[in-house]
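Please read the structure below before turning to the comments.
Read-outs throughout are calculated quantities, based only on the coordinates presented, and are distinct from any laboratory measurement. Not measured: the values here are computed from a predicted model. FYI the Cβ positions are ideal-geometry reconstructions off the backbone, even for glycines, and counts take in every protein chain you see.
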Amino acid sequence: MLNRLEVAEELMLNFAYRTGLMGGKPYRYLWTDAFAVCNFIELYRKTGNRKYMDTALNLVYQVHHILGKHRDDDSRVGWLSGLIDEEAEKHPTIGGLRIGKELPERK
């Protein structure tokens, strides 16, 4: 029987594969991802295994670079903030993040 920590590790590994964090096309949803970042950091804290911190940081990177930019089906391109890449990389959330809306962001 798995202990609670092992169950948490298995659940988070499954999440990482299901959502494209580890392989596959990334599927990001802000609220779920925020909770997952907390879980990966806690797994790192409990186990000392650097892979969990790296996974948390990779998830934050994906959230910024996917939800911080216009959708592929939007006529607009680039960051929601309108900043050029170099500046947007320094402040990826300054223009906000998409939160899973079915319609493109405000024009």
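Computed per residue of the chain from DSSP H runs no shorter than four, each worth -39500 (n - 2.57), the mean residue ellipticity at 222 nm is -17000 deg cm²/dmol. Label-to-label distance, D73 versus W31, with points set 7 angstrom from Cα along the beta-carbon direction: 2.1 nm.
For the chain, pairs of C-alpha atoms spaced more than 22 angstrom apart make up 38 percent of the total. The relative contact order of the chain comes to 21 percent, based on Cα pairs under 8 Å that sit 6 or more residues apart.
How charged is the neighbourhood of V7? Take every other residue with its Cβ under 15 Å from the Cβ of V7, and add Lys/Arg as +1 and Asp/Glu as -1. Overall, the nearby charge balance is -2. For E10 and E86, the FRET efficiency from 1/(1 + (r/R0)^6), where r spans their Cβ atoms and R0 equals 41 Å, is about 0.55. Restriction of the GluC sites (Glu not before Pro) in the range 1-95 to DSSP coil positions whose beta-carbon has at most 12 other beta-carbons within 10 angstrom yields no sites.
Taking I94, I84, I66 as the candidate residues, the one with maximal mean-square fluctuation in a Gaussian network model of the chain, Cα springs under 10 Å, is I84.
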